[in-house]
1. Using a 7 Å offset from Cα along Cα-Cβ at S221, what residues in region 263-280 end up with backbone N under 18 Å from the label point?
2. Say each of I4 and T96 gets a label point 7 Å from the Cα, pointing the same way as Cα to Cβ; how far apart are those two points in nm?
3. The list [x] 225; [y] 150; [z] 118 gives values of volume of the Cα convex hull per residue in Å³, and only one came from this structure; which label was calculated from it?
4. With only alpha-carbon pairs counted, each pair once and no self-pairs, how large is the Kirkwood hydrodynamic radius of region 17-77 in angstroms?
5. Report the FRET efficiency, 1/(1 + (r/R0)^6), for S254 and Q293, where r is their Cβ-Cβ distance and R0 is 25 Å, rounded to 0.05.
6. Tell me, in nm to one decimal, what length is gained between Q43 and A144 on full extension, where the rule is 0.36 nm per residue of separation less the Cα-Cα distance?
7. What number comes out for the charge environment of L247, summing +1 per Lys or Arg and -1 per Asp or Glu over other residues with Cβ under 13 Å away?
8. I'd like the FRET efficiency for T70 and S175, computed as 1/(1 + (r/R0)^6) with the beta carbon distance as r and R0 of 25 Å, rounded to 0.05.
Amino acid sequence: MVPISPFVNENGLGSAGRFIARDRVQADTYGTTATVDMSAADQGRLTFSNGVIWLRISLGGQWSVLSSPTVTNVGKLVSIAQSGSTLSLVNAAGVTSSGALLSPTTLSATGMGGTATFGDGVINFANGEKWTKLDLSLNYTTSAGPEIVSILQDGTTSLRFVDRFGNITVGSFLSPTRLQDVGLGRTGTISNGQILWSDGVVWTKALVLQGTRAGTTPSQSVSITATSTVIQANTGTESFGLQLLSLNTIRAKSGSLMGMVGRRQGGKIVWSNGVTWENFDFNALNALFSDIQTYPRG
């Protein structure tokens, strides 16, 4: 069994921990095990055997400027490096400043005007600038064959592309909607859930998200799958067709929620009839929305 960093729960109680399988960890003091959500790109979702779910706050990676008092900054790439609760932010001018997580929704950013709020893939800085996180689906289908291909985002500005044979090449974002694959000497355009590569190959989103429905005992699971054209949810007892309406809204096209509009709020989807879907990996939920340019979609 492989030891891992100690757990610290919401009450400040620590516990030694270890991997007991590829997708399972054990917290000795708590007397519980937890399943790692392998469908999430950063594997940042733990479901404990007592029903508690932990979600990683992972801000590290590539961002872009969504809006800014300095108009020329809009659309430029920016980034965050994260080590635990310590942050290092690089702005549109390439200037690095320090920061830190203060709570699940706030951070300090010394070079960006002080305290900032964040959630749903957006940071609102005190200086008036907004950054949006560039999260991509972990898995894709490819026009080159029947196998699954992948993009690995590891909290840095580097991307690792895994082709249908398992070969890995390295690349990065060139802009919020363009990628480069250095190993294969090609570029790709992100367009409505697809990556259109310069060599003619097309990758299509094959995103899977795992969450739960709030207020159900035992907790009712909610699974969302998304391609470039079809988005579906399943609760184990019911299926729903979904449609993205904007960067933060989604509509149910079928099922008991048909006609209802859901809003992304704090990593949850809150439906207009009061039903709430929650406990999604934050970056995976952002990936459902962040690669779409044209609405409605799905």
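Each reported figure results from applying straightforward, stated rules to the coordinates on display, with no laboratory input. Everything numeric in this text was worked out from a predicted model, so none of it was measured. Counting neighbours? That spans all protein chains shown, and the Cβs are built from the backbone with ideal geometry, glycine included.
1. Under 18 Å, as judged by backbone N against the label point of S221, lie 277-280 of region 263-280.
2. Here the answer is 2.9 nm between the modelled labels.
3. Of the labelled values, this structure produces [y].
4. The Cα-based Kirkwood calculation yields 14.1 Å.
5. After rounding to 0.05, the efficiency reads 0.50.
6. 33.6 nm
7. Spelling it out: positives minus negatives among the neighbours equals +2.
8. My answer for the efficiency is 0.90.
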